[in-house]
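Heads up: the structure comes next, in structure tokens.
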Amino acid sequence: MKILVALKRVADPDNANKVKIPASGEKIDTTGLEWKPNPFDEYALEAALRLTENGTQPKVRAGEVVVVTFGPKETETTLRAALATGADRAIRVDASDDKLDGDLVARALKALVEKEKPDVVLMGKQAVDGDSNQVGQILAELLDWPMATFAATIREEAGALLVGREVDGGVSTLRVKLPAVVTVDLRIVAPTSVYSTKTPSTHKYNDGVRFAALPAIMAAKKKPLVEVKLADLAPDQALKVSYHGFAAPPARKAGIKVKDVSELVSKLKNEAKVL
Amino acid sequence: MPSAPTNPLVSDRFIDFLLFEVLDLEGLLALPDFAEHTRETVGIYLGTARRLARELLFPAYKPMDEAPPRLENGRVRVHRAMHDIYPRLVELGVLSATRPPEAYGQRLPLTVASLATSYLMAANLSAYGYLGLTTGAARLLESFGSDELKERFMGPLYRGEWTGTMALTEPQAGSSLSDVETRATPTAEGHYLVKGSKIFISGGDHDLTENIVHLTLARIDGAPPGIKGISLFAIPKNRPERGGLVPNDVEVAGVIHKIGWRGLPSLALNFGEAGDCHGYLVGEPHRGISYMFQMMNEARLMIGMNGAATASVAFHESLEYAKTRPQGRRLGDKDPRAPQIPIIEHADVRRMLLRQKAITWGSLALLGLAARLSDLAEHAREEASRARAAMLLDLLTPIAKSFPAERGFESNTLAVQVLGGYGYTSEYLPEAWLRDQKLNSIHEGTTGIQSLDLLGRKVPAAGGAAFGALLEEIAATCDGARDAGVNPDLVQRVEGAAMAMRQITLHLGSLGAQGDVRGMLLHSADYLDLASTMVIGWTWLRLAAAAQKNRADRPQDHDFYEGITSAAQYWIRTELPRVGYLAQLCRSGEDSYDRVRPEWF
């Protein structure tokens, strides 16, 4: 199986207080931010690796995992780290963070998919910076491929994937024929979430994503990482989404004590307007 | 789902500052031996170590402290969390990270490897202990073993299939290794039959791997008495024979109950009770102690890093607590209706935090510096650079081992103090780290031994050449700090303290030269304190100079650099003045504890 995994790097969510918005409010100031791969995309990579191996022998690859990201030169570190955890090849689409939107990324990915011809495109259900939750869905539409979003489990079958999605009130299970687009949720990296046809159903993975070991980091330096121009994938680079302003959330105000229940009810009704 | 704890264990920004703004990692990576490495590979490795430490090792720390290994039917069973942790640490590549490819490694600079390891130690020092000991044992075989021994034992150790120990101590021979009594009798087949008892053997038995190799000191029958009659042997728990492993007559005599490092068993072992314990000589007969000494620097730096890491994790825990625990109001605020303020708003709490930071980060920086010297001693281009680095490393090692342990203990008590009543409960972690830290001033050479090593051996070595080189380094740092625009008062104070250290060192050296060994070494503990306080002051000045140099380029790191400058000022203004006092004490010949007789107590 050949899988294309789309990875985005995001400002380190653990250091969210470093995100600064200039007074003009027209953009986010990214100087000095630390970057990390979007966690949901890391989970997608882990799912892709599990689908292209026998879990009892993870060093033997059975299939191909290609990782792709959009961004400036320094985003290659994100790709290199992905190669060190087991991906086979990497593609960086040269682009500037503030000249992309979900639509453009999806259109460029479509062109890439037509070139690479993967059986599956995997990505996180959303990126934790913009929380847009768009690219997977738009891409599936553009390709006219079946899609499963928010995957919590994936089981490979002949020519299809059985995808479990956690929904309100239970689990919805979809069988998607390949090729397909799947976006993943948090629980996809639980020990028994993903099985390729080669992995015995008794096998349990380590909880979470696999990490880059030192020997693999050194070996990853020799794996192919190519740069592609955005214009070659998407000649029309017009954005459909434009940002009109950024503002930090209002600082939390100190609470007050109410005298009695009726004052509480009155405030909930008239000030908070939640009743 | 493992979630990142709020305690970062070690500050990422500070480690990056050390590597790229203080220790010139780029310069190290430019050396031919490190050609395979780039800033990117180093970054990915550090990222993995941080993640494993936070997500895998740290959550297992408290459970492992609470349920130490048990002896069952003569064998030790360790906490089940270790069964998950051990293979993943092996896979990470820590065992052989700094070794060349022929020893299964990637030749990572020790500067990177040791700072990456600080996270693992801060997260769970016992868990890392199994691997640290294994690397140590494999290193001895790599350096001194025959090709056959390497094949047989070093490979499985570096690959993590087996673990290793250092079996030196005996009940009657701890610090005094010359009194080792374990015997080794040669046989016609080439191996020796070993008989004797060892104690305090960390990782001496467990159920993580099928075999354990004990690097053991013993006397060959008829060997000369004392230190020159001790040989080094590799003694496996199970010996390779007939294509399999057979028990090698190594028995667990007991498990030692420790106040700290509880996740790592410390054992009493008996070799050869049934007369069937095979030992394999490593290197030449009677050279065991000298082999051990050649490995000592690395082992001592590792303990120093354990000390720094254990102080670091407690510092961060108490810092987080102080920021979030509301208690009391500002001095002078008499309004009882005003909300309480977080305790970090109280100056005395900030004093305790800044003191912890000065000790902890000063220790991490000194260990980073020592690791860099070790890299240069082995890999610098020119012989002169290698020799100078080796000399400085030898001199600084007793300080880098003992300061993080001794002052780290003080730092750990401050972390407990910041938590107030909660600090002395076992519901909170700082008391556990305090217990762990105490071991670090004892194992791998007590602080007393370190003080004698420094003043009696390292300072006078080669006519005081290393000491002279240290003074040159301090002077260069002072010049650099002045040029960078560091507060001149701080620079002068470091220069003044260095002068005081120079004078007392010359004085004590002259006593030694006149044959007055007692007079020279009477205050060795005070001298170690003096030299350590001075070296940490020098280190902080170095950090302050780097901060001063880079702050204009990185306005977004304003708070970080202010934090460096504040801690430097704190140490240099409040601790460095002790150098003058300690120098007087060393010179005074004050003899209360020399004169006092055992019966007077």
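What follows is calculated from the coordinates using simple rules that are stated; it is not laboratory data. In this text, all values refer to a predicted model and were calculated from it rather than measured experimentally. Ideal geometry is used to build each Cβ from the backbone, glycine not excepted, and the neighbour counts take in all protein chains shown.
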Review point. When we measure straight from the Cα of residue A:269, which lysines land under 20 angstrom away, once same-chain ones fewer than 8 places off are left out?
Key: A:253, A:257, A:259
Check your understanding: When only Cα pairs under 8 Å and 6 or more residues apart are kept, what is the percent relative contact order across region B:162-285?
Key -> 30 percent
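Quote the charge dipole size of chain B about the Cα centre in Debye, to the nearest 20; the model charges only the Cβ of Lys and Arg (+1) and of Asp and Glu (-1).
1040 debye
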Study note, to complete from the structure: Expressed in nanometres to one decimal, the distance between label points 7 Å along Cα→Cβ at residue B:238 and residue B:592 is 5.8 nm
Exercise for review: For region B:446-601, just run the numbers: alpha carbon Rg, then divide by 2.2 N^0.38 Å, N being how many residues it has.
Suggested key: 1.21
Check your understanding: Which of the lysines could be linked to residue B:237 by a straight reach, that is with a Cα gap under 23 Å, when you skip same-chain ones fewer than 8 residues away?
Key -> B:150, B:195, B:198
Practice item. Measure off 7 Å from each Cα along the Cα-to-Cβ vector at residue B:71 and residue B:600, then give the distance between these two points in nanometres to one decimal. Key: 4.2 nm
Review point. What are the lysines whose alpha-carbon lies under 17 Å from the alpha-carbon of residue B:438, with same-chain residues fewer than 8 places away excluded?
Key: B:258, B:401
Check your understanding: Hull surface divided by four, with the convex hull built on the Cα atoms of chain B: how many nm²?
Key -> 31.0 nm²
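As a check on your grasp of the helix formula, calculate [θ] at 222 nm for chain A: sum -39500 (n - 2.57) over DSSP H runs of n ≥ 4, divide by the residue count, round to the nearest 500.
Values: 7 runs with 68 residues, N = 275.
Helices in chain A give a 222 nm mean residue ellipticity of -7000 deg cm²/dmol.
Only loop residues by DSSP count here, and only those with at most 16 other Cβ atoms within 10 Å; note down the GluC sites (Glu not before Pro) in region B:321-397 that meet that.
B:382
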**Study point:** Mean residue ellipticity (222 nm) of chain B, computed from DSSP H runs ≥ 4 via -39,500 (n - 2.57), nearest 500
**Key:** -17500 deg cm²/dmol
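Which whole number of Å³ per residue matches the convex hull of the alpha-carbon atoms in the protein assembly as shown?
On the way: hull volume 195.3 nm³, N = 876.
Normalising the Cα hull of the protein assembly as shown by residue number yields 223 Å³.
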Practice item. Specify whether the C-alpha gyration tensor of region B:41-97 places it in the rounded, prolate or oblate class, a ≥ b ≥ c being the square roots of the eigenvalues: rounded for a/c under 1.5, otherwise prolate if a/b is larger than b/c and oblate if not. Key: oblate
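For region A:2-270, would you read off the P(r) tail past 24 Å as a percentage of all alpha carbon pairs?
Details: 18821 of 36046 pairs.
Above the 24 Å cut-off, region A:2-270 has 52 percent of its Cα pairs.
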Exercise for review: Measure nothing but the geometry: give the 0 to 90° angle between the long axis through the Cα atoms of A:102-116 and the longest principal axis through the Cα atoms of chain A, rounded to 10°.
Suggested key: 0 degrees
